[in-house]
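None of the figures in this text is laboratory data; all of them are computed from the coordinates on show. Every value quoted in this text rests on a predicted model; they were computed, and no experiment measured them. Because the Cβ atoms are built from the backbone with ideal geometry, glycine has one as well, and the counts that use them run over all protein chains shown.
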């Protein structure tokens, strides 16, 4: 069954979204949001709506379960000629998932404009219009807008300081438990609970009963879904003339009869079981950023197969390559506004490798290496790979990761157990659970199997908060008091005064953002319960409660993506040096120059640029970085999620550092109106780090992860840093990053000349992948401006 | 004496000046005047004006600041500098807001340099790196560099000395106790050619090499210039010397024209128009020759 790799790679369907918006303005919309051939798949919407029409008046949790059951029962399924692992969230390989129950407006907008006219034909357009008719007033976005009044309605509209969006909601099933008992075991557990509450009749008996019944419907629906594949494969096998192909289809049939209902016995069964669970939750609820500790979960299956001579290493590698193609099939429709935040993204599925077990021992196994071989051979956007680094990470594993990095795909990214384990413990996660953390999406930290339906409550644009602080919260052109009235900058005597005014603005806007979020969370709990996903988590069946009705007790949950921290730092450092220490210019003078976007004041801009900047191991700038990061985190923690857990910031800015910079005028760090922000929370501003990559790490290390958790750091090196004996230097550099307790780092390994050539001749570089934020993207799918912002990152190479 | 020295750069993440991740301290002043010098600003022992015209915004402030009329401005030519009138008073640098006029070289105390090189200690530990003292010729400021090396060594760091070899032998004796590795420049073996292009012949250099190689670990470094010092014979002979005196490694550094633009920036004529960049394949050929002698080699670092 051996196939050449180019055959496998030729199956890839690229569903990356192009960033057709920047902020609220169109950018290269005529290119279309997706590559040609990609289609909007209406089947989930069709069968979901069909069921909803039938179940009006029933309890919502049952309605959800029945609707998902209807989708799984009726959606067309397919098995492609090369597949051994099957399943899809869409009815066609080139289909895009779309959650009509969330939002139908933006999809209608996409298909009627340049962005996505080709995604649907006329029949499809007609059907979508009919389906949308049903959802008017019922979709989540409709319900949100009905719920907002007064001040919140006013700040809900995007103005450039913060954005609330359905950004992402993640979580990791307890695969170990599910594989151990099978879905059948979960059904038995649920039936046991139903019998128990019938005896006990608890105070919330009805709610529990409805929930548990919904769990049963959902689990059975997923088993039946798998059986549909078994039956299709059997049918295809009976018609197949080719013996090898018949064997393949019979294998699929046997596998899908067994899993996910029963515990998998082989690597193939484990991967197939995983994939059904993976897409099942995806079909239930539109999410992105799924994660799994891949080597920890699948390593033992490979080892057992290998020991029993059931599989060779090459065969295991091929299975992974086939799975990689399936990962690639999971695409999402984004709203045009979100395309500006998720430029180049597909669905942010992440695989975590390495790290420690519950006893603190390194878990690296042969599967770790097979995954890296699969990654290196496939070089796909999905899945992204995260390596959990700790003191016991083997040198051979580091060397292997460098081989993958050298291809330029931008992963693995590195997460540091030395920083993350204490952080998780501070968040209230018991040590044993903390040691099992995994990465989802780009840089989200989760505990597998725990009820953590993490959400990002949108993004807060920190330099804009600073800008309001420099204007007393009043827009200088319109005169509108939009931010909080902070003191007149005339009276500021130090950068600390500016910092305090900035923090007041952060507090003012974040309060509004949190009110919106907590309102929305309540709506999600009421209208979008997740009985299927709940069954995959610890404690939901036991409690008889949907995952949205309670949560794992820790502050690992919700967070706000903070954007532009470094620009605030550099601005304050420049104000401190030029305005307050050297007194070369007064603050009001500076502000009036900023209001003119530096025009006619290049000398002032040059002075501000020459002031100390974060990322150079310069204590003057770095002390301000510490004050800004720690201060901002403390303000965010003043607010809580609806279960009472403090909130926090997070560095997963995706491409928002580019897209959301549009509405922030010139800032004191020398940045022009609309110019992109520094590319990540821990990254220096583009081209402002002059002391090399060691100084960048030293600066980043001064910011305490435990206090801030602002963890995204991009570094760019030319490929020769990962060649011949320089590899040892690079390993030394990585080990030092570990020793410095910095939580995260990732690399773009590409030279500037290649990127410039790809801009001029995109046709020559269709497969060139770059790291954008916590994810990789095809360079040619990014807008020119986003490409420029990646080229502008400092390339660390020295003599 | 020796507490302060004149340096023109401290380069962190230096990965081409000895093993591991290093910090290189560049000291000003050199007894040789090599025509191909990549850092011509290192030759003079004193701080000096370094001009970057690309950054000039024609604000005119430097023109008013110069007491000797060495800077002029006109609409047609833009800002011009008349080096023959410049006495390195450096008033213009203070006046410039755009980093177009800069000072190359500054006086630094041992404590200051020490604090800077210690910053990357954790990187040295993980990569087998350390500190490289380079220049110019570091021993041109003998008292300073010996004290500095001693203090760095006391911190337990690996110290490399990058030297041109044209230094009285006794100078080396003073610094050797604090040095783990010598990076030793061998530019060209023919004494006449050496004198013609560097100002001095190379007898002292070769004698010192013989003397020092037995006392500490030594690597040779050759700035390889096409058609000038890149013949098979030249490289073979250098490799033979290396093998005889126990030099472990020869670094082949392909010539580049970095010195040319810097000469313009400091108002010096670049006298090496015949310099040619060697082909990659030829560099590999030379590396193969060296390996035949059982001596390690690397290209570019």
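Remarks
- Between residue A:761 and residue A:143, the modelled labels are 5.4 nm apart [label points 7 Å from Cα along Cα→Cβ].
- Counting Cβ atoms of other protein chains within 10 Å of each residue's Cβ and taking the mean over peptide A:601-607 gives 3.
- Förster-model FRET efficiency, 60 Å R0, residue A:623 and residue A:74, C-beta, rounded to 0.05: 0.45
- Peptides A:553-563, B:252-262, A:623-633, A:435-445 ordered by average Cβ neighbours within 10 Å, highest first: A:435-445, A:553-563, A:623-633, B:252-262
- Between the stretch A:270-315 and the stretch A:459-500, the alpha-carbon center distance in angstrom: 51
- For chain A, the relative contact order is 16 percent, taking Cα pairs closer than 8 Å that sit 6 or more residues apart in sequence and dividing their mean separation by the residue count.
- Across the stretch B:59-198, C-alpha contacts under 8 Å between residues 6 or more apart give a mean separation that, scaled by the residue count, equals a relative contact order of 15 percent.
- Principal-axis tilt of helix A:43-55 within chain A, Cα atoms, nearest 10 degrees: 80
- Span from the the stretch A:724-777 Cα centroid across to the the stretch B:182-253 one, whole angstrom: 37
- Peptide B:115-123 has a mean shielding of 4, counted as Cβ atoms of other protein chains within 10 Å of each residue's Cβ.
- Degrees, to the nearest 10: A:313-328 long Cα axis against longest axis of chain A: 70
- Overall form of the stretch A:1-111 per C-alpha gyration tensor (a/c, 1.5; a/b vs b/c): oblate
- Hydrodynamic radius by Kirkwood, which averages 1/r over all alpha carbon pairs of the stretch A:166-268, in angstrom: 16.0
- A full extension of the chain between residue A:254 and residue A:491 corresponds to an added length of 77.7 nm, given 0.36 nm per residue minus the alpha carbon distance.
- Estimated at 0.36 nm per residue, the fully extended path between residue A:706 and residue A:582 surpasses their Cα-Cα distance by 41.2 nm.
- Placing a pseudo-label 7 Å from each Cα along the Cα-to-Cβ vector at residue A:129 and residue A:357 gives an inter-label distance of 6.1 nm.
- Degrees between helix A:366-378 axis and first principal axis of chain A (Cα, 0 to 90, nearest 10): 70
- Packing-based order for B:281-287, B:148-154, using average beta carbon neighbours within 10 Å, highest first: B:148-154, B:281-287
- Relative contact order (%) - the stretch B:1-78, alpha-carbon pairs under 8 angstrom, separation at least six: 20
- Counts of other chain beta carbons within 10 angstrom of each beta carbon in peptide A:615-622 average 1.
- The value for chain B of Rg(Cα) / (2.2 N^0.38 Å) is 1.06.
- Our note on the geometry: Cα centres of the stretch A:55-96 and the stretch A:113-176, 20 Å apart.
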